[in-house]
Amino acid sequence: MNALRTLLLIGAVLLWEPQLQAKNGPAEGPRTPVAAAPMFIGITALGNPTLKFSTVSDYVNGVSVDHNTVRLSVALGVTWSLQMRVLDDLRYQSYSIPASAIGVQVTNIGTRPEVFLSTTSQTIASGIANLLLNTNVTIRYRARGGAPFLKPSGNYTTTLVLTYTGL
């Protein structure tokens, strides 16, 4: 097993920007956007993480990488949440690795447990901004190792969907 295998997690980021709506009169009618809504949250994609397997130990025990995946901005006093899901399992040609074999955990904002990738959105970080928050989010991506990774060499990829909300 001396072949180098690489898992690429390709990030697709959903951007959420609030838009205030105002009613025209007492009856339900067409809605008109109110002048520029204040920006109280922002998200920027910084790159795609890569997990590399290069030794027998990597296949047995797994590998991990800490990656600055996104940059978050939050205004003072805003309650915010960052969620992650995948669109599908990791795929390369006709082969696949279950997404649930990859754990993710934010390591530099709060203390939330590791969750395993799923097609269902899972909260990976949240909080109330006691200060203006403008920081890179470091996410630990961990491949558990074992049987799910005993596949032909290749770049196994999936699409990550990050949802960032603020109230």
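Those residues that are more than 22 Å from residue 159 (Cβ to Cβ) and of a type in the set (A, V, I, L, M), I need them from region 107-140; list them, please. Of everything in region 107-140, those that are more than 22 Å from residue 159 (Cβ to Cβ) and of a type in the set (A, V, I, L, M) turn out to be 109, 128, 129, 131, 132, 133. Scoring residue 63 on the criteria (1) at pLDDT 95 or above; (2) under 15 Å from residue 109 (Cβ atoms) leaves a single failure, condition (2).
Each residue in region 106-121 was checked for being open to solvent by less than 40 Å² (accessible area, probe 1.4 Å) and modelled with pLDDT under 95, and 1 pass.
Listed by first and then second residue, the pairs linking a residue in region 138-167 that is at positive phi to a residue that is open to solvent by 50 Å² or more (accessible area, probe 1.4 Å) and not in a loop (DSSP other than H, G, I, E, B), with Cβ atoms under 6 Å apart and 6 or more places separating them unless they lie on different chains, are 145/60; 145/61; 154/92.
Applying the condition of being outside any strand (DSSP E or B), modelled with pLDDT of 90 or more and open to solvent by 50 Å² or more (accessible area, probe 1.4 Å) to region 122-151 and asking which residue is farthest from residue 51 (Cα to Cα) yields 147.
The values are calculated or read from the model by the stated rules, or taken from the named source; none is laboratory data. Just so it is clear, the model here is predicted, and its values are computed rather than measured. With ideal geometry, Cβ positions are generated from the backbone for all residues, glycine too; neighbour counts draw on all protein chains shown. Heavy atoms of the whole protein, side chains included, go into the accessibility calculation; ligands, DNA and RNA do not. Shrake-Rupley method; radii C 1.70, N 1.55, O 1.52, S 1.80 Å.
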